[in-house]
Amino acid sequence: MKILTPLRMKLAIVACSVLLTGSFGNAAETVKLGVGLSMTGPLAFLSQQYLQGMKAAVDVVNKAGGVGGGRMLELVVRDHKGVPSEAVAVTKRLIEEDKAAIVDIDLPSTVAIAAEAVTKESKVPQIAGFTFAPAAVQQGNTFFFRACTTSDLIGDALAQSIVADKNNKTIAMLAPNDDYGRSAIKSLSEAIARAGGPKVVYADYYERTQSDFSAVLLKMKSLNPDSLFIDVRWPASLTVLKQMVEIGLKKPLFSSVNFYNAKLAEQAGPLLEGAQMSVAWAPVFTDAASVEFVKAYEAMFKQTPDDSASLGWTTTMVTAQALKAAGPGFDSEALRKALSNVNYNSPQGPVKFDAKGDASVAAHVLRFKDGGYHLVR
Amino acid sequence: MLELAFQQVVNGLLVGAIYALMALGLMVILGILRIINMAQGELYMLGGYFCYFASVTLGVGYVPAIIFAMAATAGVGVLMDRLAVRPLLRRPFYMVFLSTFAVSMILENAAELIWGPDPQNIPSPFSSSPIIIGPIFLTSQKLFIFAVALVTIISFATFLRWTRVGMAIRALARDRDAALLMGINADRIQSITFGIGAALSGAAGALLGAMFNVYPTMGQLPLLKGFALVVMGGMGSVSGVFVAGLMLGVAEGLTAGFLSIGYVDLVAFATMLVVLLIRPQGLSKWGKSGV
Amino acid sequence: MSRTGTWLAWLLALAALPALMPNPYVQYVVNSALILAFATIGLNVIFGYAGQHAFGFPVFFGVGAYASALLSIDAALPVGLAIPAGALVAGGISALIGFPSFRLRGIYFGVATIAFSYVIYIIAQNWVGLTHGPMGIPLVPPLNLLPDRAAFGVSRDVQTRLILVSTIAIVIFMLDRILRSPIGRAWLAIRENENLASSLGIAPLRYQMAAFVTGAVISGLGGGFYAHYVGFVSPTELGFHYIGVVFIMLIAGGTSTLAGPLIGSVVFGVLPELLRVAEMARNLLLGVILLLCIVAMPEGLAGIWKRLQAGRAGHGPRSLDAPMPAVTHMAEEIAQIAPSLSTSGSLEIRDLTKQFDGLTALQAVSFIIQPGEVVGLIGPNGAGKTTLFNVITGVLPPTSGSVFYCAREIGGRTPHAIAALGITRTYQITSIFPELTAAENVMVATHLWSCHNPFDALLRSKRFRTAEVAVGRTAEMALALVGLQASRHIPAGALSYGDQRRLEVAVALATGARFILLDEPAAGLNAGETEELCGLIRRLRSAGFTVVVIEHDMRMVMSLCDRIIVINYGRKIFDGSPKEAAVHPEVVDAYLGAGTSDA
């Protein structure tokens, strides 16, 4: 059957050209924050939470009058699936088609770094709210700003908890085999070494397709370390905890924000008892910024926000502050300058960018005790 | 060390049985219909999701959910045969390869849209407390799943060997034209075969999903491992694929335990490459010229 | 418009058109599509032309990307050198992978290539010291045609596109030259009928490897461009995502055409970006579109293009047409059809035994065939006659005993080596290259004496052109001899049974062999056609050819052959003149039956 007659082919070609070159943005009074996230793939859950945090912030900002001069803040969201070349395409589309004034390409760190090639050349400010890789600020891009913590700071925070226990002489580690996991173990090992802490007897990286951890847990059990650093994402984290019980492995647990998870607490509470984890933020924080954030988020989404959401909130708030400072009729350079001068009290801590564009926000440590998360430092 | 190895072996057997089940679904369609079904992994994934749907949304019990998953996946398989495979029967085989690839994209994206991209948990009625036999830790869930996989495989082998439909399927595999001459309705048998192949892989997805979790991209690697198993176990040999599956599960467990968990997925391919290079015609006597 | 003209016009349009839309996003999308076109073209060489289903092949795109990036960063190679160097690295790695993989048949080959591609992915993920692991390699130096100062404001995107389009043009140009040469014909032959190709002197492994490595180098070239354009390389480039994308582009664009991969890449490179209007359901829409394409367009987009142009029959690869000189007179000398491959000699079989797992097909058979004889090989079905042919031509190795040709041992050699000695055969079941035209079938057969040096083919040297003219002449004469001149442009698979049989003879003659084994050439022919065949064989004898014929048509055998050898249950039971055979008791008993008289 001839679906594609010559005439239809020609029409299709014309239609495609129009679609491709047409402009999608509306010319109304909005300033666009272009967002690229992993809406599909293993980081989808984190992306979703992050985005919700951003939406809550946008709502608050716009209700308070927008970003100055009657302009509202608007989010344009695109999916890069975690593939760097797609992230580059998304960044370009956000800049050229969607006319974003500033872009946030996150999750995982590799896409943020890939996007930096674009923002550096196009001279468009890029803010990263979930990029922990130390290398992100080493790309020589003056338009890049990292508004969150780093793997090194996360490692430092957790290392203090790890070396606090004098009986802790050996530790085994497990993390995902991606840039996050590799950085996490590297930063933590270095921090522990600096603090004169336990010896790392085993470190392994699992592929994100892995669902069965019994083999590696058995291996760890046979090495009999004094403690474990298990940085496993949801829902593999639930599997890991369950399988630890199944094989009779019980040790002091250390982890990251991956263990700070309402569903995990709900379904495996007793298994988490005593575990300490490094986070950028948690709802147990009591400072004013956190309270404001939690209130706004709960009002919009009827649920308690998590670490990822808080990062999205901060990124948006920092952007809004910079936009207000740059004023209407800004150009990229003015916005960049405004960003470099930002001083914002975020739920995670003070956000102020250094000469390299790094905010180096310190990380925190939580402990899970008696069914709830408590702040340790 | 020996204890560790022992435990890894036992664990590996359990996972291996499920791998075998997945591979059998692939083998049915590949060996009998000579079709490389690139969507087989997605059928496996749908099995997991249908089980999730049945037990969480519909609220049925664990076992009925698994049966529902098999039936629903079989239905998807038959539909796929009608829409994406049958129209291309006369074309070169790589057309079917590509069309099943297109179907795999559609099914994966559809699952993402319907259930979201995050992994989901299938609640299990079994407790986590271990059953300890000597130095080996087991759980009732793992034993149950192993038993179900075994029963399914044996039923399938029996069906293929002893029932009329099973014989018709085998006849079709051997010589399509001769089978047609014998009065076998090739179209109907093809649909049935597709449905069975889908149901087998769907069952594997439901069982594995129940043990861990389900997510839209969970079918990608099992597809390739399934190919590796069919190659190693032999096209057309249920027992061959079963044994190969068990061996793969054990090999993966030992690799994770003694090498690195990051290399686990490599095992299937590395083993298969070694087997093929030593014995290029594959392990079974059918495997001479392949497809 | 001539073919070259059409190509030039489209390439110029590709280069120029997006420049009218200076939107960097559009530029990026188009450039990315062109970069992937390299991977698609490379895949087409092995998949579409050589017909080897290497499912994991697109991994070489990523290998080239890594190699080029690492060479330019770690080895400080200038980008302009790193990219081709990276492509060569990809070629080298492909050789390591291809060599063991080609030992496998059928689907096992394809699955092995996937396995290898996954191994490469895992190595990249875990060999952090070399490849930076999952963190990827950032800050890959960009490819600049001109330094920024001298660029006259031409954006990097446009520069890149000019580089890409010109490189694609050069690659396609070179491929075209190779395809319209014995090398390209060899690839198609292997795709269509590997066994036949082998018996015509084409060494399958050599040409499969050549296609594999060539395709890998082209893919790797694209990978290099990718690395220096996007500026970031990660293990994702080695993963299944790109494998799927490249296959979609190739098959939707159309295999075994030069334009298909390019069209497919541009369309399916741009399409996913267009589908961003439905961000979440992109893959679903893409899958549906792909499915529709496959069902509605069997030849891919390139096939549609051909149909848009009037008058194309659209069968098989057109790029093979060599100019066919008009033949003013029938070749009086059959020997003129093709140059002789080697001097004629005698074939001696000594104590030849062939066993298959307990079944003895041939038992201590011995005989000698002198040059210039026409020998009939007869016997009941299943006696071992075809097996004997198979052993002589190298399809099967002997279990014991020897085969000598021109006093040299040839037992156990490969079919293509034996073909090079001047022995050729036809088959019991018609064996041709179905998708190739009759003329192309015959041209493939000239492989052994044609000029198949790739450099000659690329440069179109005098030696090459002379050889190609001879090839064309041979094809013309061979077809004329068997009466198939009118059918020269018809795909062999579409010919009638009788015509196919005649084509087989033409093919055998085009090889230049002087020792011809015919396996039941008269099967299925009517009386008139059989007479023609006999006439042809007589002409072969007068031209000095040696012919051995397996036949069941006794009238033909008796009247035609100088000598008859009778095989029964794997043993030679008679060797002598036809008259003697007719009355020999054992022969009569086993085969002829009482009361047979020759015509």
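The values are calculated or read from the model by the stated rules, or taken from the named source; none is laboratory data. What you are looking at is a predicted structure, and each value in this text was computed from that prediction instead of being measured. Cβ: placed from backbone, ideal geometry, glycine included. Neighbour counts: every protein chain shown.
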- Task: Can you tell me which residue among A:GLN210, A:GLN267, A:GLN243 is surrounded by fewer than 21 Cβ atoms within 10 Å (Cβ to Cβ), within 11 Å of chain B (Cβ to nearest Cβ), within 26 Å of B:VAL264 (Cβ to Cβ) and in contact (Cβ under 8 Å) with a residue 24 or more places away in the chain?
- Result: A:GLN267
- Task: Identify the residue in the range C:44-69 that is over 21 Å from C:ALA211 (Cα atoms) and touching a His at 6+ places or on another chain (Cβ under 9 Å) and, among all such residues, is surrounded by the fewest Cβ atoms within 10 Å (Cβ to Cβ).
- Result: C:ALA69
- Item | Residues (free of Cβ contacts under 8 Å to residues at least 60 places away in the same chain, more than 14 Å from chain C (Cβ to nearest Cβ) and either under 14 Å from B:LEU14 (Cβ atoms) or part of a helix (DSSP H, G or I) (or both)) located in the range B:91-142 | B:PHE126, B:PRO130, B:ILE131, B:ILE133, B:THR139, B:SER140
- Residue list for the range C:449-464, restricted to those being under 21 Å from the mean Cα position of the chain (by Cα) and either part of a helix (DSSP H, G or I) or within 17 Å of C:LEU341 (Cβ to Cβ) (or both): C:TRP449, C:SER450, C:CYS451, C:HIS452, C:PRO454, C:PHE455, C:ASP456, C:ALA457, C:LEU458, C:PHE464
- Would you confirm whether any residue within the range A:169-184 is out of contact with any strand residue (DSSP E or B) (no Cβ under 8 Å at 6 or more places or on another chain), crowded, with 20+ Cβ neighbours inside 10 Å and away from chain C (no Cβ under 11 Å)? no
- Item | Residue match in the range A:255-264 (condition: in contact with a helix residue (DSSP H, G or I) (Cβ under 9 Å, 6 or more places away or on another chain), buried (at least 18 other Cβ atoms within 10 Å of the Cβ) and aliphatic (A, V, I, L, M)) | yes
- Note on the structure: In the range B:11-25, anything crowded, with 18+ Cβ neighbours inside 10 Å and either over 15 Å from the mean Cα position of the chain (by Cα) or facing chain A (nearest Cβ under 8 Å) (or both) is listed as B:ASN11, B:GLY12, B:VAL15
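From C:LEU205, C:LEU275, grab the single residue that is within 14 Å of chain B (Cβ to nearest Cβ), in a helix (DSSP H, G or I), modelled with pLDDT of 90 or more and farther than 24 Å from B:LEU89 by Cα.
On the way: C:LEU275 fails: modelled with pLDDT of 90 or more.
The conditions single out C:LEU205.
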- Task: Say whether the condition of being β-branched (Val, Ile, Thr) and either crowded, with 24+ Cβ neighbours inside 10 Å or free of Cβ contacts under 8 Å to residues at least 12 places away in the same chain (or both) is met by at least one residue in the range B:215-223.
- Result: no
- Query: With respect to the numbered conditions (1) assigned to a helix (DSSP H, G or I); (2) out of contact with any Ser or Thr (no Cβ under 8 Å at 6 or more places or on another chain); (3) at pLDDT 80 or above, which one is the sole condition not fulfilled by C:TRP305?
  - Reply: (3)
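Return yes when C:VAL557 is assigned to a helix (DSSP H, G or I), touching a Gly at 6+ places or on another chain (Cβ under 6 Å) and among the aliphatic types (A, V, I, L, M) and no when it is not.
yes
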- Item | Extreme residue, surrounded by the fewest Cβ atoms within 10 Å (Cβ to Cβ), among residues of the range A:127-149 that are among the polar types (S, T, N, Q) and away from every other protein chain (no Cβ under 14 Å) | A:THR142
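Can you say whether B:ILE145 is outside any strand (DSSP E or B), modelled with pLDDT under 85, among the β-branched types (Val, Ile, Thr) and in contact with a Leu (Cβ under 8 Å, 6 or more places away or on another chain), as far as the supplied structure shows?
yes
Table: residues versus (1) part of a helix (DSSP H, G or I); (2) under 27 Å from the mean Cα position of the chain (by Cα); (3) modelled with pLDDT under 90; (4) aliphatic (A, V, I, L, M).
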position: C:HIS53; (1), (2), (3), (4): no, yes, yes, no
position: C:TYR66; (1), (2), (3), (4): yes, no, no, no
position: C:ALA69; (1), (2), (3), (4): yes, no, no, yes
position: C:VAL89; (1), (2), (3), (4): yes, yes, no, yes
position: C:PRO142; (1), (2), (3), (4): no, no, yes, no
- Task: Can you give me the ranges of the helices (runs of 4 or more DSSP H) entirely in the range A:250-361 with at least 3 residues that are assigned by TED's automatic domain parsing to the domain that holds A:PRO176?
- Result: A:262-272
- Query: Out of the residues in the range A:214-232 that are of a type outside the set (A, V, I, L, M) and more than 9 Å from chain B (Cβ to nearest Cβ), which is nearest to B:VAL10 (Cα to Cα)?
  - Reply: A:ASN224
